[in-house]
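Asks: Quick one: the structure is below, and I'll ask about it shortly.
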Amino acid sequence: MKYKTLKGLQDILPPDIAVWHHIEATARTIFRSYGYQEIRLPIMESTDIFIRSIGETSDIVEKEMYTFEDRGGRSVTLRPEGTASFVRAYVEHHLHNNPAPQKYYYMGPMFRYERPQAFRYRQFYQIGVEAMGIDDPKLDAEIISMLSRILSGIGLEGLSFEVTSIGCAECRPGYKEALKQFLSDKLNNFCSDCQRRYELNPLRILDCKVPGCIESRNGSPPVIDHLCKECDVHFESLQKNLSVLHVPHTINPNLVRGLDYYTKTAFEVSSENLGSQSAVAAGGRYDSMVDEFGGPPTPGIGFAMGMERIIPLIKESVPLPSGPDLFLCPLGNKATEKALVLAEGLREKGLWAEVNYDGTSLRSQMRKANRIAAQHVIVLGDEELETDRASIKDMTGGQESKTELNPSSLFNLIRNNK
Ligand code: HAM
């Protein structure tokens with residue numbers, strides 16, 4: 001093969017598209033019921049937007065961004081995630097002037113130069129949401145409840161919801177100190193990246209995937225033991241409201257997010273059926289990002305689901321799309337003309353009609369009808385043209401009915417069979 005997709009990228013072909021549509025349609029319906037509106041953002045941004053928000057010492061910024069100079073000499077980056085772009089747009093368009101909460105969702109591709117493996121791609125699709133302007137933990141609980149309803153609406157089962165709090169600017173310095181103290185006499189056991197992070201941003205050491213580092217940080221103090229009063233109250237209230245909304249969850253004090261912008265609530269949903277890449281969705285609160293991007297202090301919270309992680313889990317249970325509503329098998333030139341006109345009339349009424357063009361034998365036309373899973377078949381020969389009537393065969397039930405040869409009669413018959 002001369003040309004192939006790049007490593008870590010994939011084509012999405014029908015019939016998989018039916019599964020994508022199922023997920024997107026379910027999510028859109030649920031978003032509407034919670035008042036989320038769609039926003040479409042560019043897939044490229046100025047590089048500093050991501051460095052600033054995701055964090056200079058994060059794996060994404062250090063190792064995974066698709067960054068290049070455009071022809072004007074500007075450094076641009078293919079978005080590795082949606083939140084930073086969203087906040088840029090939120091501030092740029094003064095969306096904070098609208099009444100809170102402001103609720104948005106987006107769907108689209110993200111790019112991370114990660115080592116490709118099962119369920120991990122370099123271009124992957126997220127459905128994400130962001131809710132702005134409210135710092136009440138009831139909103140945190142509601143957004144997690146919405147995520148749970150979307151995932152179960154899609155047909156996902158056996159998921160675990162883990163929540164934690166990662167504190168705020170107030171409690172973080174104290175926690176960093178406690179963590180550094182714990183790590184100080186083990187530093188030689190850590191990789192060179194972690195040794196560098198120790199001074200720059202020790203929290204990132206908790207996110208390192210190197211096996212030796214994972215082992216050496218065992219027993220490190222959890223953030224939730226170092227929360228300030230405000231974060232503690234917020235976290236307590238989140239748990240209470242999750243219970244009120246009947247969202248089963250566990251507290252995972254060791255949950256770490258790979259992005260630096262989070263404050264207070266952080267959460268992750270995972271499936272035991274995905275091996276090491278188990279997170280199907282994740283998110284959290286980011287109360288200082290709008291401020292850092294030059295907007296007025298505005299709290300925010302959101303999450304993103306990974307399409308490529310969800311699809312393999314539900315693929316088998318989403319029904320395959322059916323074939324044409326009607327396959328017209330004409331025998332001869334005159335019949336083909338009639339079939340073409342009838343098909344146009346049916347399409348005008350919203351049905352999927354296909355005409356067999358190639359004038360082959362009835363047998364081979366019927367074989368084709370089966371192959372494309374046609375729901376109904378009609379054969380047009382001399383007799384049918386003369387009487388202006390024909391039998392239409394319901395391929396799902398096998399029965400035949402007589403009908404007049406005009407779009408309305410055909411349409412009514414097909415609709416009644418559905
Ligand atoms: P994230 O945890 O980096 O968060 O990504 C969210 C989800 O995207 C993951 O749970 C996973 O399902 C999927 N994902 C991430 N990387 C890959 C990959 N290489 N291949 C396939 N799927 C992947 C965010 O992106 C945040 N922006 C979420 C958020 C929104 N937080 C607040 N608002």
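Asks: Order by neighbour count: 389, 115, fewest other Cβ atoms within 10 Å first, most last.
Replies: Exposure proxy ranking, most exposed first: 115, 389.
Asks: Something else: Going by a 4.7 Å Cβ-Cβ cut-off, which cysteines of the chain have no partner at all?
Replies: Flagged as lacking a Cys partner: 168, 191, 194, 231, 329.
Asks: Averaging sequence separations of C-alpha pairs under 8 Å and six or more residues apart, then dividing by the length of the chain, give the relative contact order as a whole percent.
Replies: Relative contact order, the chain: 15 percent.
Asks: How high is the relative contact order of the range 5-85, given as a whole-number percent (alpha carbon pairs under 8 Å, six or more residues apart)?
Replies: Relative contact order, the range 5-85: 26 percent.
Asks: In a Gaussian network model over the chain where Cα atoms closer than 10 Å are linked, find which of 67, 263, 57 has the largest mean-square fluctuation.
Replies: The residue with the greatest mean-square fluctuation here is 67.
Asks: Quick one: which residues, 5+ away or cross-chain, put their amide H under 5 Å from the amide H of residue 265? H built at 1.01 Å from N.
Replies: 166, 285
Asks: Using the alpha-carbon atoms, what tilt in degrees (0 to 90, nearest 10) does helix 362-371 show relative to the longest principal axis of the chain?
Replies: 20 degrees
Asks: Okay, moving on. So how many Å³ per residue does the convex hull of the Cα atoms of the chain work out to?
Replies: 204 Å³
Asks: Only Cα pairs under 8 Å and at least 6 apart count here; give the relative contact order of the range 180-299 as a rounded whole percent.
Replies: Reported as a whole number, the value is 15 percent.
Asks: Could you tell me the distance between the Cα centroids of the range 59-75 and the range 123-156, to the nearest Å?
Replies: The range 59-75 and the range 123-156 have Cα centres separated by 29 Å.
Asks: For the Cα atoms of the chain, what angle does the longest principal axis make with the long axis of helix 83-92, in degrees from 0 to 90, nearest 10?
Replies: Compared with the principal axis, the helix lies near 90 degrees.
Asks: Further question on the same structure: To the nearest 20 debye, what charge dipole does the chain have about its Cα centre, counting +1 at the Cβ of each Lys and Arg and -1 at the Cβ of each Asp and Glu?
Replies: It comes to approximately 700 debye.
Asks: Lys/Arg Cβ at +1, Asp/Glu Cβ at -1, dipole of the chain taken about the Cα centre: which of 340, 211, 29 is farthest positive-ward?
Replies: 340
Asks: Would you work out which of 100, 183, 171 lies farthest towards the positive end of the dipole of the chain, given +1 charges on the beta-carbon of Lys and Arg and -1 on that of Asp and Glu, about the Cα centre?
Replies: The Cα lying farthest towards the positive end belongs to 183.
Asks: In addition: By how many degrees, 0 to 90 and rounded to 10, does the Cα axis of helix 16-34 deviate from the longest principal axis of the chain?
Replies: Long axis of 16-34 versus the principal axis of the chain: about 60 degrees.
Asks: Please give the Cα centre distance for the range 205-264 versus the range 303-367, rounded to the nearest Å.
Replies: That distance is 51 Å.
Asks: Could you state the number of Å between the C-alpha centres of the range 78-97 and the range 1-47?
Replies: When both Cα centres are located, 19 Å separates them.
Asks: Let me know the shape class of the range 326-417, please: from the alpha-carbon gyration tensor, a ≥ b ≥ c as square roots of the eigenvalues, rounded when a/c is under 1.5, otherwise prolate if a/b is greater than b/c, or oblate.
Replies: Verdict is rounded for the range 326-417.
All of the numbers you see were taken from the coordinates with simple rules; none came from a lab. Please read all numbers here as calculations on a predicted model, not as lab measurements. Please note: Cβ atoms are built from the backbone with ideal geometry, for glycine as well, and neighbour counts cover all protein chains shown.
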